[in-house]
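Okay, so here's the structure we're looking at.
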Amino acid sequence: MTELEILESIQRRVLWLSTWMVHEANARPSADGTKVGGHQASSASVVSLLTALYFKALRPGDVVATKAHAAPAFYAIQFLRGRLDGARLATLRAFGGLQAYPSRRKNPDVVDLSTGSMGLGAVMTTFGALATRYLVDHGAARVPERFVVMVGDAELDEGNVWEALGEAPLTRLGGDVLWIVDVNRQSLDRVVPETRTRQLGDLFRAHGWRVRELRWGRTLEAAFRRPGGERLRGRLETMPSRDYQRLLRLPAGAVRKTLVTTPDGALDAGSIAPSPTWPTTRCPRSSPTSAAMTWRRSSTRSTRRSASAGGRR
């Protein structure tokens, strides 16, 4: 098997396990029948990124602040890595069990950094990198070596995130910190507006960050190279976020019809061919419903930045 085939096999297990954990948590008997949730969609959207991060890209000196709503996928990965007993997977959101959001205090054996309150985990981790740089500048060892932050796009609605990123001292961090943003266009109470999604890269650049956007998966990249591919790319790039979410629940025929329908409801005659050249299966997780952006601090200290591994997979 190739490396990508191995990672694909792992991520399928991660997806299955994380889905099972949420189901088990909500099938657990309760006194009043209340369900406990589990953020299944937010967890599923980041499975590929987490798999690549933990099974390929992480270095021994790295610590990770995991996306809080991806806790089930994170715990599934820790089980596959041999750091978590299988029986504990059934304790998600149970009293004394695996916490709803990663907690360093309550699950210290597998969690590097707590990320429970939205926005605070990412900011705390970034300032942790700044504190580590201060200690290194005063003769201490570089431990941890790199801080990796993973957040969802809706978490960036928290004002404290942008307030923190505007702090001038953070511009000196260079390769000491890496942010991975899962742009799944979903929030707990709304679909993230497409205008907000398009602004994210520019907002980070304005704060001095180097941005690398990974928008399309291999399946769609291959489709873009086929006849009619540029029309497909244009349709997806201009599609409102609410339509992205609908694609997840449509059968293949309805997906094809949606892709050849213009925003005003008319059919794009130029995109319709006797032999369809666009993908006919239901949308994979990597596209078009999810994208990832990786951001590093811009700095003249670039010797350790060439890998940027966590966000390229």
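Nothing in this text is a laboratory measurement; each read-out follows from the coordinates by a stated rule. Remember, it's a predicted structure, so these values are computed and weren't measured experimentally. Cβ atoms come from the backbone with ideal geometry, glycine included; neighbour counts cover every protein chain shown.
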Inset, instruction - Quick one: grab the alpha carbon gyration tensor of region 218-271, order the square roots of its eigenvalues as a ≥ b ≥ c, and give me rounded if a/c is under 1.5, else prolate or oblate depending on whether a/b is larger than b/c. - result: oblate
Legend entry - Positive dipole terminus of region 218-271, leading residue within Gly234, Thr262, Leu247 (C-beta point charges): Leu247
Inset, instruction - Specify the inter-centroid distance of region 43-90 and region 214-266, based on alpha-carbon positions, in whole Å. - result: 30
Legend entry - Counted charge near Gly82, where neighbours are those whose Cβ lies closer than 15 Å (Asp, Glu -1; Lys, Arg +1): +2
Inset, instruction - For Asp85 and Asp157, calculate 0.36 nm times their separation in residues minus their Cα-Cα distance, and state this gained length in nm to one decimal. - result: 22.4 nm
Legend entry - Distance between modelled label sites at Arg256 and Trp20, nm, 7 Å Cα→Cβ extension: 3.6
Legend entry - Cα-based reach from Lys106 at 26 Å (exclusive), listing lysines while leaving out same-chain residues under 8 positions away: Lys35, Lys67
Legend entry - At R0 = 30 Å, FRET efficiency that the Cβ-Cβ distance of Arg198 and Leu58 yields, to 0.05: 0.50
Inset, instruction - Taking the Cα centre of region 218-271 as origin, work out the dipole magnitude from +1 charges on Lys and Arg Cβ and -1 charges on Asp and Glu Cβ, in debye rounded to 20. - result: 240
Inset, instruction - Could you tell me which trypsin sites (Lys or Arg not before Pro) in region 31-77 are loop residues by DSSP with no more than 12 other beta carbons within 10 angstrom of their beta carbon? - result: Lys35
Inset, instruction - Count neighbours as other Cβ atoms within 10 Å of each site's Cβ, and list the chymotrypsin sites (Phe, Trp or Tyr not before Pro) in region 46-133 that are DSSP loop with at most 12 such neighbours. - result: Phe95
Legend entry - Global geometry of region 1-152, whether rounded, prolate or oblate, following the gyration tensor of its Cα atoms and the 1.5 cut on a/c: oblate
